[in-house]
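The values are calculated or read from the model by the stated rules, or taken from the named source; none is laboratory data. Small disclaimer: the values here were computed from a predicted structure and weren't measured. Positions of Cβ are backbone-derived with ideal geometry, glycine not excepted, and every protein chain shown enters the neighbour counts. We work out accessible area using only protein heavy atoms, side chains counted, and drop any ligands, DNA or RNA first. Shrake-Rupley method; radii C 1.70, N 1.55, O 1.52, S 1.80 Å.
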Amino acid sequence: MERKVAIIGAGISGLAACRYCKSKGLNPIVFESESSVGGIWRKTIRTTKLQTPKHFYQFSDFPWPPSVTEDFPAQSQVFQYLQSYAHHFDLLQHIRFGSQVESISYDGPSDAEMREWSLWGGKGDPFNTKGKWNVTVKDQQTLSTEVYQVGFVILCFGKFSNLPNIPEFPNDKGPEVFHGKVIHSSEYAAMDNTDAANLIREKKVAVVGFQKSALDIAMECSSVNGPEHPCTVVYRTKHWGIPYFLPFGIPLLYPYLNRFSELMVHKPGESLALSLLASILAPVRWGISTYIERYITSKYRLKKFDMVPEHSFLKEMNSCSIAILPEDFYNRVEKGSIKLKKSQEFCFSEEGILFDDEVKSEAVDMVILATGFKYFEKLKDIFVSPTFQSYIGSAAGLYRNCIHPRVPQLAIIGFSESISNLHTSEMSCRWLAELLDGTFNLPSIKDMEDDVEKWDKYMKDYCGKYSTKWCIGGLKIWYNDQLCKDMGWVPKRKRGFMAELFEPYSPMDYVRP
């Protein structure tokens, strides 16, 4: 079969997948439901900007233009950067816009035969001649559907779109009884900036959530309405909302972007020597985390607002749940334009929302649910096969954060999170392109599953109940090392012992193999 690859999504991961598949002489076809590239960066909340310094959030072979001088570019700048990347590598010719992928079905060996495989796809070959994928695509304009047959599928539609996570409520206590308006944060983000401001103007708004979208929306509500119509932020868990910079203007992420920081952590598949070193350096790891916690607590006066998290900063970091805190957030809490309300559960009444076991409702005019997305349901439901749905739904992780050992001729990119999601996606795409081109072979299914279990154990050891699937936030360099070894690259990319140990690693360190 022709080495034809279907890529679903034209965001960061989809563009990188297309670029590197194309570089290997493959035949990529990208299906994008929207009218342009960019994924979540097409349209965001007005005040949204990068949470990672731009030199860590860029493609290794396509640096930011000199005209972008900000360390943390705004949404429009990121969107333009992604458009420029697509034009520079001539990717638009491979993209079919307005094409919604409704399902993918595998046409090949039976479930019983696949369960007996010892190698991925039966032979370990990414393009197994015994199987192919049928990709059912709906044209958004004509509403007609077409089925494409391909030898490999790359899912790149990411975690932060399409299927909003709407909390479930008891009968007669959901949004239907509320006399105000209830929307998801994705609806707010999709609005024109002027329309969004008019929507919340002179209204008491409750924002549910305490991650980036919730914080940004709360700031916009407070800017529009002030203390006269305060915005209530409803949250379950206190988080370490972090500043952009530490003292002396050092970006906060710097202490976690060098190899020394990862020597303090027990890593999946590490040697005995590295394990001993991680144990010896554990007090240093604790000291760095404690210093950052104390700095954040002092800077934002968290004790005054009873907002000191119960978990460590290290757990926040390793679970990929870090969010940059808007600089003026707690000043607005103090002035009364933002109110904080901790509640494990809430429901609706006619006048507003009712928290936990409280009797009296808090009167609000609008509720914005910044409650994330059902990304695993979205990922699972794209498969027609119940067997594949079960594999994906129960997966502790992916091999190299790309491959499910039991699902042949398919990769998933963009669901793994790190300090720089763009760089992680690009490295995954480079690794996958080398695999598809035959540069290396995958180990046995059992060995891949064992490796996934080791990463899952690492997450549980360092994050506990805050553990999330498919996060490499605390071991980004170690993860890249594994990819480099597979591809035959030298893992250590710096010149000199001290540079290798203490200099931050960035995408520019991986420009060449």
- Item | At R0 = 41 Å, FRET efficiency that the Cβ-Cβ distance of V359 and S105 yields, to 0.05 | 0.20
- Within the accessible area of segment 288-372 (1.4 Å probe), percent carbon and sulfur: 48 percent
- Mean Cα-pair separation over length for segment 393-513, i.e. relative contact order, pairs under 8 Å, 6 or more apart, %: 29 percent
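Relative to the Cα centre, what is the charge dipole magnitude of the chain, using +1 at the beta carbon of each Lys and Arg, -1 at the beta carbon of each Asp and Glu, and rounding to the nearest 20 debye?
The calculation lands at about 1180 debye.
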- Task: Post the alpha-carbon centroid distance, segment 164-194 to segment 102-141, in whole angstrom.
- Result: 38 Å
- Item | Farthest toward positive dipole pole in segment 158-197 [+1 Lys/Arg, -1 Asp/Glu at C-beta], among A190, N171, F160 | F160
- Query: So who's got an amide H within less than 5 Å of the one on V101, skipping anything under 5 residues away but keeping other chains? H placed 1.01 Å off N, in plane.
  - Reply: K138
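With runs of 4+ DSSP H residues as the only contributors, calculate the mean residue ellipticity of the chain at 222 nm using -39,500 (n - 2.57) per run, divided by the residue total and rounded to the nearest 500. Intermediate values should be presented prior to the final figure.
On the way: 17 runs with 171 residues, N = 513.
It lands at -10000 deg cm²/dmol.
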- What does the convex hull of the Cα atoms of segment 1-106 come to per residue, in Å³, rounded to a whole number? 118 Å³
- Message: Show me, bin by bin at 10 Å from 0, the whole-percent P(r) of the chain based on Cα pairs.
- Response: 4, 18, 28, 27, 17, 6, 0
- Quick one: how many Å² of H88 are accessible to a 1.4 Å probe, rounded to 10? 110 Å²
- Query: Sorted by accessible area (1.4 Å probe), largest first, how do T232, T387, T194 line up?
  - Reply: T194, T387, T232
- Item | Heavy-atom accessible surface of segment 394-454: percent carbon and sulfur, 1.4 Å | 38 percent
- Straight-line reach from K49: which aspartates and glutamates have Cα under 16 Å away, leaving out those fewer than 8 places along the same chain? E70, D71, D216, E220, E327, D328
- Note on the structure: Note on segment 381-471: alpha-carbon gyration tensor, axes a ≥ b ≥ c; rule is a/c under 1.5 for rounded, else prolate if a/b larger than b/c, else oblate; result rounded
- Task: Mind listing the long-range amide H neighbours of I7? Cut-off is under 5 Å, sequence gap 5 or more, other chains count too, H placed in the peptide plane at 1.01 Å from N.
- Result: I29, V30, F31, I154
- Sequence of I104, I322, I166 when ordered by accessible area, the most exposed leading, probe 1.4 angstrom: I166, I322, I104
- Is segment 435-513 best put as rounded, prolate or oblate by its Cα gyration tensor, with a ≥ b ≥ c the root eigenvalues, rounded for a/c under 1.5, and otherwise prolate when a/b is larger than b/c, oblate when not? oblate
- Task: With the full set of protein chains in place, find how many percent of the accessible area of segment 118-168 is carbon and sulfur; take the probe as 1.4 Å.
- Result: 48 percent
- For segment 101-210, what is the accessible area per residue in Å² when the probe is 1.4 Å? 52 Å²
- Query: Which percent, nearest 5, of DSSP beta bridges in the chain are antiparallel?
  - Reply: 40 percent
- Message: Under the rule of at least 5 residues apart or a separate chain, name every residue whose amide H is placed under 5 Å from the amide H of L163.
- Response: K374
- Message: Only four residue types carry charge here, +1 at the Cβ of Lys and Arg and -1 at the Cβ of Asp and Glu. Report the dipole size of segment 52-132 about the Cα centre in Debye, rounded to the nearest 20.
- Response: 80 debye
- Query: Residues of segment 387-513: accessible area per residue at 1.4 Å, in Å²?
  - Reply: 37 Å²
- Message: With no other cysteine's Cβ closer than 4.7 Å, which Cys residues of the chain count as lacking a disulfide-compatible partner?
- Response: C18, C21, C156, C347, C402, C429, C463, C484
- Sort segment 309-450 into rounded, prolate or oblate with this rule: let a ≥ b ≥ c be the square roots of the eigenvalues of the Cα gyration tensor; rounded if a/c is under 1.5, and if a/c is not under 1.5, prolate when a/b is larger than b/c, oblate otherwise. prolate
- Message: Using a 7 Å offset from the Cα along the Cα-to-Cβ direction at both Y291 and F440, what is the distance between the two label points in nm, to one decimal?
- Response: 3.5 nm
- Query: Do any trypsin sites (Lys or Arg not before Pro) in segment 433-513 lie in a DSSP loop with no more than 10 other beta carbon atoms within 10 Å, and if so, which?
  - Reply: R495
- Message: Of L483, C463, S444, which is farthest towards the positive pole of segment 437-513's charge dipole, taken about the Cα centre with +1 and -1 on the beta-carbons of Lys, Arg and Asp, Glu respectively?
- Response: C463
- Relative contact order [Cα under 8 Å, 6+ residues apart], the chain, whole percent: 22 percent
- Task: Please give, to one decimal in nm, the separation of the simple spin-label points placed at D90 and V284, each 7 Å out from Cα toward the Cβ.
- Result: 4.9 nm
- Find, among the GluC sites (Glu not before Pro) in segment 1-40, those assigned to loop by DSSP (not H, G, I, E, B) with at most 11 other beta-carbon atoms within 10 angstrom. E2
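Could you calculate the contour length gain from K378 to F305, that is, 0.36 nm times the residue separation minus the distance between their Cα atoms, to one decimal place in nm?
Stretched out fully, the K378 to F305 stretch lengthens by 22.6 nm.
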- Scan segment 235-325 for trypsin sites (Lys or Arg not before Pro) in coil per DSSP, keeping those whose Cβ has at most 10 other Cβ atoms within 10 Å, and list them by number. K303
